[in-house]
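The values are calculated or read from the model by the stated rules, or taken from the named source; none is laboratory data. All values reported here derive from a predicted model rather than from experimental measurement. Virtual Cβ from ideal backbone geometry, glycine too; neighbours counted across all protein chains shown. These area figures cover heavy atoms from the full protein model, side chains too; ligands, DNA and RNA do not enter into them. Shrake-Rupley method; radii C 1.70, N 1.55, O 1.52, S 1.80 Å.
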Amino acid sequence: MSAPAEPAPAAPLPRALPTEAGPPTKAALPTEAALPGPAATGPVPPRRPRLRALDGLRLLAALMVACYHYGGRGGDITRAWGASPAAQFPRLHEWFAYGPLGVQIFFVISGFVICMSGWGRGLTDFFASRVARLMPTYWAAILLVSGVFALPWVLWHALSPSDTLLNLTLLQMPLGAPRVLGVCWTLWAEVRFYALFAVCVVLPGVTRRRVVLFCALWTLAAALGDAADSALLDQVLMPRYAPFFVGGIGLYLVHRDRRDVLGWGFALLGLLLGQHYAVGDLWHPDGPGAFSYRSTVVIIALVTLGFAAVAAIAVGWLDRVDWRWLTVAGALTYPFYLVHEHLGWVVVHALHVSLGVPAAVTFPATIGAMLLLAWLLHRCVERPLTPKLRRAVARGAAGTRTGH
């Protein structure tokens, strides 16, 4: 999950951009303005208009994941409803079960956005922007969920103080510790992608040739790493997720120049490999013990639609989808994604079990409550803290570089 930044008004995008000179610097997705910094291949041109349709797609992907967490699986949400979601939503639960594919769409968008935001930036600016984009809201979500779960009347219990503090580092997964946020596994995938892209592309300076080489080598290495069945290579190369990131990068090359054959090639390769891993992760035989059955055809269709939606944005077919509210929707996506699962359990239980609100009302009310909480986190945490943390990290990294 690209973690899975934000704003600027819109005008028609030039389509046939040079393939080696750095393009205009662009804000990363939903709330991130580009930082001034040394361009990798020349001076940084004026910032181009944001792609608001991409903001809307991100929120749609987050809502897919929320539908899965509230009505497409068993486990803790069953305790929240007081019965299986299959009983609450006898027809919809089988469609909600496809919600995890929202994560794969996030990864495609992340590949697009990280390549876009890294182009024309030095390593310091890139690192500072990523830290500032991810961490303030993540820290707030960790503390908020831990605090709510510590309340004596809540069904679920907070982790130990030690594990909660470890979760603040975002390194709990490689260290094998319990997670405060169930969705943080996607952030761990995002962080590893950022690190690979920073070291292999941003550090030497972003050019189309380096991006193409990175995509080709990562795709091959990920396939070989999968074949090697090595836990270390799996952690570093992420064979199950690399095709989605690479496909998104390819689509950003298409956005720069829609005639870029290699960009289209990486997008198609990402789709072909990505659907293979998505089917492997989500398909299972039907049976009485299964919560729901996911069709292979539907999985492939949804992965294809995700790639197609980003491709339509890349080539400008959705330029007219330029409604200002989509910028707000994009800004809410990340905080909503972080808090919706665990705090949603609490809201579902309070409304449905404690107050007797029907499931058909509790479901949208819970999503609305989580969107409201996301707006509060955006206004009270992201907006004031993100620019301050970005400047502090950039100054610290610059001081390290100069030896001060």
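In table form, for the structure just shown:
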{"read-out": "Spacing of the two label points (7 Å from each Cα toward its C-beta) at W139 and L224, in nm", "value": "4.0 nm"}
{"read-out": "Whole-Hz couplings from phi, Karplus 6.51/-1.76/1.60, listed for region 69-75; x for Gly and Pro", "value": "5, 8, x, x, 7, x, x"}
{"read-out": "R0 of 45 Å, Cβ-Cβ distance R209-S162: FRET efficiency to nearest 0.05", "value": "0.45"}
{"read-out": "Karplus-derived 3J(HN,Hα), 6.51/-1.76/1.60, for each residue of region 119-124, Hz, glycine and proline x", "value": "6, x, 10, x, 4, 4"}
{"read-out": "Simple Cβ-charge dipole of the chain, Lys/Arg +1 and Asp/Glu -1, about Cα centre, in debye nearest 20", "value": "1280 debye"}
{"read-out": "For region 269-404, with +1 on Lys and Arg beta carbons and -1 on Asp and Glu, the positive-most of G287, W345, A374 along the dipole", "value": "A374"}
{"read-out": "Length added when fully stretched, V315-L268, from 0.36 nm per residue minus Cα-Cα", "value": "15.4 nm"}
{"read-out": "Volume per residue that the Cα convex hull of region 168-208 spans, once the total is divided by residue count, Å³", "value": "75 Å³"}
{"read-out": "Given charges at Cβ of Lys, Arg, Asp, Glu: the chain dipole, positive-most of T207, A227, Y68", "value": "T207"}
{"read-out": "Carbon/sulfur fraction of accessible area - the chain, other protein chains in place, 1.4 Å, %", "value": "69 percent"}
{"read-out": "Whole-Hz couplings from phi, Karplus 6.51/-1.76/1.60, listed for region 339-348; x for Gly and Pro", "value": "9, 5, 5, 5, 6, x, 4, 5, 5, 4"}
{"read-out": "Per residue accessible area of the chain, 1.4 Å probe, in Å²", "value": "42 Å²"}
{"read-out": "Relative contact order (%) - criterion: Cα under 8 Å, at least six apart; region: region 335-385", "value": "50 percent"}
{"read-out": "Largest to smallest principal axis extent of the C-alpha atoms in the chain, angstrom", "value": "62, 49, 46"}
